[in-house]
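Let me begin by presenting the structure, written as structure tokens, before commenting on it.
The values are calculated or read from the model by the stated rules, or taken from the named source; none is laboratory data. Just so we're clear, the structure is a prediction, and the values are computed from it rather than from any experiment. For neighbour counting, all protein chains shown are included, and Cβ atoms are generated from backbone atoms with ideal geometry for every residue, glycine included. Side chains included, ligands, DNA and RNA excluded: accessible areas come from the protein's heavy atoms. Shrake-Rupley method; radii C 1.70, N 1.55, O 1.52, S 1.80 Å.
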Amino acid sequence: MQAEQKLLHRVADRIRAFAMAQRASISDVCVKVPGGTAGHTVSPCRTAGCYAPGGRYPLPSSVLMTAVTARVAGVTQVIVASPRPVPITIGAAFVAGADHLLAVGGAQAIAALAYGACAVAFSLHEALRL
């Protein structure tokens, strides 16, 4: 288990470093055009829903790639959904800094995330006590 924890942290650190470089390369733009200005601003979403398949082989990489990137982008609330979260999935969510874990899978999970199912999700600290 100790080796898995170290691996999760090492991978999360690599993903975080790359996501930070990506974020630094994107900036707000404002260009004068005839009659005014055009441009865009970059701002994070308030909440991100991250899905981790829970089939025969768990994919903690799905959790790390989505939740770590969301945190670096500045998302304030990160929810991970997985149908049967196994310890490695829960550990990846914790290492990634997720706030909640929703033990639902498939289209139901995507719909729940889209409609704001955070109210029924476990806080990640509750999930770690299960």
Condition broken by M20, with the remaining ones in (1) closer than 17 Å to D99 by Cα; (2) open to solvent by 90 Å² or more (accessible area, probe 1.4 Å); (3) among the aliphatic types (A, V, I, L, M) satisfied: (1)
Single unsatisfied condition, A3 versus (1) without any contact (Cβ under 8 Å) to a residue 12 or more places away in the chain; (2) open to solvent by 80 Å² or more (accessible area, probe 1.4 Å); (3) small (G, A, S): (2)
Matching residues in segment 6-16 - criterion: being among the charged types (D, E, K, R) and open to solvent by 80 Å² or more (accessible area, probe 1.4 Å): K6, R10, D13, R14
Among the candidates I79, I26, residue that is under 21 Å from L101 (Cβ atoms) and either aliphatic (A, V, I, L, M) or at pLDDT 95 or above (or both): I79
Failed item in (1) touching a strand residue (DSSP E or B) at 6+ places or on another chain (Cβ under 8 Å); (2) at pLDDT 95 or above, with P34 passing the rest: (1)
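Restrict the check to segment 27-50 and report whether at least one residue is farther than 13 Å from T66 by Cα and part of a helix (DSSP H, G or I). Talk me through it step by step, then tell me what you get.
Initial filter on segment 27-50 (farther than 13 Å from T66 by Cα): 27-46.
When the remaining residues are screened for being part of a helix (DSSP H, G or I), the result is none.
No, segment 27-50 contains no residue that is farther than 13 Å from T66 by Cα and part of a helix (DSSP H, G or I).
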Residues located in segment 55-96, provided they are outside any helix (DSSP H, G or I), open to solvent by 30 Å² or more (accessible area, probe 1.4 Å) and in contact with a helix residue (DSSP H, G or I) (Cβ under 6 Å, 6 or more places away or on another chain): P58
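Please go through segment 37-49 and pick out each residue that is open to solvent by less than 70 Å² (accessible area, probe 1.4 Å) and at pLDDT 95 or above.
First, pick out the residues of segment 37-49 that are open to solvent by less than 70 Å² (accessible area, probe 1.4 Å): 38-39, 42, 44, 47-49.
Selection gives A38, G39.
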